[in-house]
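S.K.: This is the structure I want to talk about, given as structure tokens.
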Amino acid sequence: MIRLEDIHKTYVVDKVGNHVLRGVSLAVAEGEFVALMGASGSGKSTLLNIIGALDQDYTGRAQIAGQEVKGLSDRALSRFRNRTVAYIFQQFHLLPHLSVLENVVMPSWFARSGEAGDDKALAAKATAVLDKVGLRHKVRARPGHLSGGEKQRVAIARALFNQPKLLLCDEPTGALDSDTTLKVFELIERLNAEEGLTVLVVTHERDIAERCRRIVRIVDGAVVPDPGPMTATATAGAGDA
Ligand SMILES: Nc1ncnc2c1ncn2[C@@H]1O[C@H](COP(=O)(O)OP(=O)(O)OP(=O)(O)O)[C@@H](O)[C@H]1O
Ligand SMILES: [Mg+2]
């Protein structure tokens with residue numbers, strides 16, 4: 001699902017270069033659940049942005065879901081961003097003036113320009129996804145009236161709406177208390193187990209990372225030697241790149 005080879009990334013600010021990623025290589029098989037750890041500033045978010053095709057300014061090869069992201073046309077790139085990968089962040093990034101349901105549907109209004117799909121069908125689909133995350137009863141609520149865990153579950157529902165293959169989570173429980181953290185994490189685990197979603201989750205929390213079947217660490221801009229996908233975790237269709 002993810003194949004990175006010798007990724008280098010340098011940020012240049014005021015003509016000063018910061019060589020953040022220094023030869024990252026990593027392979028993640030379809031259906032894996034991987035924790036990404038590393039000190040603050042080690043480049044975890046930077047790496048996620050490259051995997052999610054939000055950043056194309058790097059050297060090395062990044063193949064995601066069988067596609068060399070750098071070579072994609074604009075059209076293929078937006079399809080990739082809308083359908084192949086989904087993001088969850090520490091801050092939930094919900095739109096406060098829209099209902100829960102509208103927050104889930106919104107990205108698809110943009111993604112589907114020109115495609116069939118009437119509003120009723122989209123609303124029904126959003127309701128089904130919200131049901132999956134346990135929020136069917138909140139479809140009409142505004143984000144401001146939800147708890148942190150509920151907000152993150154809305155963000156997860158929004159991420160799932162287009163049935164992505166890969167879920168990238170950047171400290172998804174960083175803003176939540178420990179009880180809520182566990183519940184949100186269990187939800188992500190269930191999506192991995194039941195829907196075969198490949199999950200890469202950045203976390204600082206050791207007990208959360210230890211629930212993942214594999215922990216990958218970034219040290220000095222590179223992934224410390226990692227055995228690659230463990231055979232024991234080889235679930236549905238594992239082995240593709
Ligand atoms: N847009 C940017 N422009 C310039 N430098 C950046 C940019 N984004 C990140 N950096 C720098 O790159 C380095 C890695 O940042 P990154 O956000 O990837 O770290 P991180 O591992 O996600 O850290 P944290 O755990 O604190 O979120 C840091 O030194 C940071 O200052
Ligand atoms: Mg970060």
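The values are calculated or read from the model by the stated rules, or taken from the named source; none is laboratory data. As the structure is a prediction and not an experimental result, all values here were calculated from the model. Every residue, glycine as well, gets a Cβ built from its backbone with ideal geometry; the counts of neighbours run over all protein chains shown. Accessible surface areas use protein heavy atoms only, side chains included; no ligands, DNA or RNA. Shrake-Rupley method; radii C 1.70, N 1.55, O 1.52, S 1.80 Å.
S.K.: Keeping to region 40-54, report how many residues are of a type in the set (A, V, I, L, M) and modelled with pLDDT of 95 or more. Working first, answer last.
M.R.: The first filter runs over region 40-54 and keeps only residues of a type in the set (A, V, I, L, M), leaving 47-48, 50-51, 53-54.
Right, trim to modelled with pLDDT of 95 or more and you get 47-48, 50-51.
The qualifying residues number 4.
Yes/no per residue for (1) of a type in the set (S, T, N, Q); (2) more than 18 Å from the chain's Cα centre (by Cα):
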{"position": "22", "(1), (2)": "no, yes"}
{"position": "29", "(1), (2)": "no, no"}
{"position": "40", "(1), (2)": "yes, yes"}
{"position": "63", "(1), (2)": "yes, no"}
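S.K.: Taking residue 194 as meeting all but one of (1) over 14 Å from the mean Cα position of the chain (by Cα); (2) under 18 Å from residue 129 (Cα atoms); (3) crowded, with 20+ Cβ neighbours inside 10 Å, write down the number of the exception.
M.R.: The number of the failed condition is (3).
S.K.: Of the residues 202, 184, 133, 139, which is in contact (Cβ under 8 Å) with a residue 60 or more places away in the chain and either within 18 Å of residue 100 (Cα to Cα) or under 13 Å from the mean Cα position of the chain (by Cα) (or both)? Can you show your working first?
M.R.: Numbers: 184 fails: in contact (Cβ under 8 Å) with a residue 60 or more places away in the chain; 133 fails: in contact (Cβ under 8 Å) with a residue 60 or more places away in the chain; 139 fails: in contact (Cβ under 8 Å) with a residue 60 or more places away in the chain.
Every option except 202 fails the conditions.
S.K.: Among the residues of region 91-103, write down those that are buried (at least 16 other Cβ atoms within 10 Å of the Cβ) and more than 10 Å from residue 139 (Cα to Cα).
M.R.: Initially, region 91-103 is screened for residues buried (at least 16 other Cβ atoms within 10 Å of the Cβ), giving 92, 94, 99-103.
Answer for region 91-103, where residues must be buried (at least 16 other Cβ atoms within 10 Å of the Cβ) and more than 10 Å from residue 139 (Cα to Cα): 92, 94.
S.K.: Going by the conditions given, is residue 71 farther than 20 Å from residue 212 by Cα, free of Cβ contacts under 8 Å to residues at least 40 places away in the same chain, within 16 Å of ligand 2 (Cβ to nearest atom) and surrounded by fewer than 20 Cβ atoms within 10 Å (Cβ to Cβ)? Let's see the steps before the verdict.
M.R.: Working: farther than 20 Å from residue 212 by Cα: yes; free of Cβ contacts under 8 Å to residues at least 40 places away in the same chain: yes; within 16 Å of ligand 2 (Cβ to nearest atom): no; surrounded by fewer than 20 Cβ atoms within 10 Å (Cβ to Cβ): yes.
Considered against the rule, which asks whether it is farther than 20 Å from residue 212 by Cα, free of Cβ contacts under 8 Å to residues at least 40 places away in the same chain, within 16 Å of ligand 2 (Cβ to nearest atom) and surrounded by fewer than 20 Cβ atoms within 10 Å (Cβ to Cβ), residue 71 comes out as no.
S.K.: So how many residues does region 2-47 have that are away from ligand 2 (no atom under 16 Å from the Cβ) and of a type in the set (S, T, N, Q)?
M.R.: Residues meeting the conditions: 2.
S.K.: Could you check how many residues of region 173-190 are in a helix (DSSP H, G or I), open to solvent by 30 Å² or more (accessible area, probe 1.4 Å) and not polar (S, T, N, Q)?
M.R.: Result for region 173-190: 6.
S.K.: Filter region 108-124 down to the residues that are surrounded by 13 or more Cβ atoms within 10 Å (Cβ to Cβ) and either over 12 Å from residue 162 (Cβ atoms) or in contact with a Phe, Trp or Tyr (Cβ under 7 Å, 6 or more places away or on another chain) (or both), then identify the one that is modelled with the lowest pLDDT.
M.R.: Filtering first and then ranking leaves 108.
S.K.: Filter region 48-60 for residues that are within 15 Å of ligand 2 (Cβ to nearest atom) and without any contact (Cβ under 8 Å) to a residue 60 or more places away in the chain; which is most open to solvent (accessible area, probe 1.4 Å)?
M.R.: Just the residues of region 48-60 that are within 15 Å of ligand 2 (Cβ to nearest atom), to begin with: 48-52, 54-55.
Okay, now just the ones that are also without any contact (Cβ under 8 Å) to a residue 60 or more places away in the chain, so 49-50, 54-55.
Numbers: 49: 49, 50: 1, 54: 94, 55: 24 Å².
The qualifying residue most open to solvent (accessible area, probe 1.4 Å) is 54.
S.K.: Suppose we filter region 11-24 for residues that are loosely packed, with under 15 Cβ neighbours inside 10 Å, under 17 Å from residue 58 (Cβ atoms) and either out of contact with any His (no Cβ under 8 Å at 6 or more places or on another chain) or modelled with pLDDT under 95 (or both); how many remain?
M.R.: 5
Quick grid of which residues meet (1) at pLDDT below 95; (2) not β-branched (Val, Ile, Thr):
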site	(1), (2)
141	no, yes
176	yes, yes
209	yes, yes
224	yes, no
236	yes, yes
239	yes, yes
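S.K.: Does residue 13 satisfy the condition of being free of Cβ contacts under 8 Å to residues at least 40 places away in the same chain and aliphatic (A, V, I, L, M)?
M.R.: Values: free of Cβ contacts under 8 Å to residues at least 40 places away in the same chain: yes; aliphatic (A, V, I, L, M): yes.
The answer is yes for residue 13.
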